[in-house]
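Colleague: Shown below is the structure under consideration.
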C-alpha cells in the first residue's frame, strides 16, 4: 500500500508492532498536547521570564542598579533605609523593606500611598540615599502574576494553573512511556518528514526531569489553594497581639527600627535579615525575614515576629525546626524558580522553561498536523 508520497508502505511484523500500552500512552500524550499545549506554552514561557525577571528589572530600571558593597564596607542600617524612604514619600506608609537581591542591586522600599496605590523606592545600600522611584508593577510582578494565576486572581487563577501542572505531568509521563517502550532505538532520523517529531522526542527526554519538577511543584500550589478553601493550615499563622497593640502598631510610624532589629537578632542570632515586613491591618506585627544555613528555604521560612509598640519578641520560625509539610511549603518556591543558586540557577531554570514551552507548542503542532493528515486520508479513502 502506498502513502500520499507514492512510497510503498509495508506492514510491520507482529513482533515489531507497537504494544497496546504504548498506543494508549501515545494517544494520551497526543490528546494532552493538542488540548493543553498552547496554554502550557504561555505558562512555561511566563515562568521562564519570571525566573530571571528581577535581572530584567535591573536592566530596565537604572535606579535599581547600585554599586556592589565590598565585604566589611559600611552600609546603611535598616533604620536609615526606613527613614530615607519616609522622607522621600512622607504621605505614604512603608510596608516592606528589602535588602539588595544581589551585589549591584539597590535596596528597596515598597510604600502604600493614601489612595491605596503601591510604589517602589530604590535606595543606595551604602548611605540610604534615594536612587529613584518606580511602579509596583515591575517586570517581575507582571511575569509572576501571569505565571502564577494568568491574571485570574489569587483564589481561582492559582488553582487553574495547577490543573495545567497536572496536564504537564501527564504529558511528560506518557511521553516517557512511549519512548521507553518503543522498539526503535534511533532518536534522530535523517528523513525530513520525521525531523520535527524526532527533535520533539529528544528535547522531551533532555527536559524530562525539569518538566516533572515543574509539574509537581506547580500542582502543589493548587494543593495549597484547596487547603486554604478547606481551612486547613499547612503553615501556622503569625503571632497575634491585643487590640491596643494592634491599633498602636498600625497607626503610629516606627521610629526606632534599628532597636527592633537588634531585638530580633538577639532572639535569632543566626538570621541574616533580608527583608522587614511592617505592621499592616491584616498582619499587625513586625517581622524580620531572612536566611540561615537551612538549604532550599525561602526567606519566609526564617522569621522573627515582634510587637513594635511593646518592643517584645512574639515568636520565631526556623526552617530547620519545621515539620515536613511546613518545610516543604517553604521549599517549593526555590525548586520551582531555581532561586537557590543566584543568577546561574535562575538562568538555567529560565532556559529549561523556554525549552519546555517550545515542546508544548511543537507537540500541539505535530498533533494538529497528524490529525489534519488523517482527516485528508480518510476523505481520500471515502472518495
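Colleague: Go over the candidates 164, 159, 151 one by one and state the one that is surrounded by fewer than 18 Cβ atoms within 10 Å (Cβ to Cβ), at pLDDT 95 or above and in the same structural domain as residue 229 (by TED's automatic domain parsing).
Modeller: On inspection, the qualifying residue turns out to be 151.
Colleague: Before we move on, is residue 90 surrounded by fewer than 20 Cβ atoms within 10 Å (Cβ to Cβ) and assigned by TED's automatic domain parsing to the domain that holds residue 256?
Modeller: On the way: surrounded by fewer than 20 Cβ atoms within 10 Å (Cβ to Cβ): yes; assigned by TED's automatic domain parsing to the domain that holds residue 256: yes.
In short, yes.
Colleague: Additional query: Which is surrounded by fewer than 19 Cβ atoms within 10 Å (Cβ to Cβ) and within 20 Å of the chain's Cα centre (by Cα), of 65, 129, 141?
Modeller: 141
Colleague: A further question follows. Can you pull out the residues in the range 337-348 that are over 12 Å from residue 46 (Cα atoms), in a helix (DSSP H, G or I) and either in contact (Cβ under 8 Å) with a residue 24 or more places away in the chain or within 15 Å of the chain's Cα centre (by Cα) (or both)?
Modeller: If the condition is that a residue be over 12 Å from residue 46 (Cα atoms), in a helix (DSSP H, G or I) and either in contact (Cβ under 8 Å) with a residue 24 or more places away in the chain or within 15 Å of the chain's Cα centre (by Cα) (or both), then 339, 340, 341, 343, 345, 346, 347, 348 are the ones that fit.
Colleague: Take the residues of the range 50-67 that are outside any helix (DSSP H, G or I) and at pLDDT 95 or above: which is nearest to residue 334 (Cα to Cα)?
Modeller: Across the range 50-67, the extreme among qualifying residues is 52.
Colleague: Still on this structure, please answer the following. Which members of the range 233-286 meet the condition of being touching a residue at least 24 places away in the same chain (Cβ under 8 Å), more than 27 Å from the chain's Cα centre (by Cα), exposed (fewer than 12 other Cβ atoms within 10 Å of the Cβ) and closer than 16 Å to residue 299 by Cα?
Modeller: None - no residue of the range 233-286 is touching a residue at least 24 places away in the same chain (Cβ under 8 Å), more than 27 Å from the chain's Cα centre (by Cα), exposed (fewer than 12 other Cβ atoms within 10 Å of the Cβ) and closer than 16 Å to residue 299 by Cα, so the list stays empty.
Colleague: Just need a number here: residues in the range 293-339 that are out of contact with any helix residue (DSSP H, G or I) (no Cβ under 6 Å at 6 or more places or on another chain), surrounded by 18 or more Cβ atoms within 10 Å (Cβ to Cβ) and more than 23 Å from residue 55 (Cα to Cα).
Modeller: Residues that pass the stated criteria total 6.
Colleague: Next up: Please go through (1) surrounded by fewer than 20 Cβ atoms within 10 Å (Cβ to Cβ); (2) under 24 Å from the mean Cα position of the chain (by Cα); (3) in contact (Cβ under 8 Å) with a residue 12 or more places away in the chain for residue 59 and return the number of the only condition it doesn't satisfy.
Modeller: Every condition holds for residue 59 apart from (3).
Colleague: What tally of residues in the range 109-137 results from selecting those that are over 16 Å from residue 74 (Cα atoms) and in contact with a helix residue (DSSP H, G or I) (Cβ under 8 Å, 6 or more places away or on another chain)?
Modeller: Number of matching residues: 9.
The values are calculated or read from the model by the stated rules, or taken from the named source; none is laboratory data. Everything numeric in this text was worked out from a predicted model, so none of it was measured. Quick reminder, even Gly has a Cβ in these numbers, built from the backbone with ideal geometry, and neighbours come from all protein chains shown.
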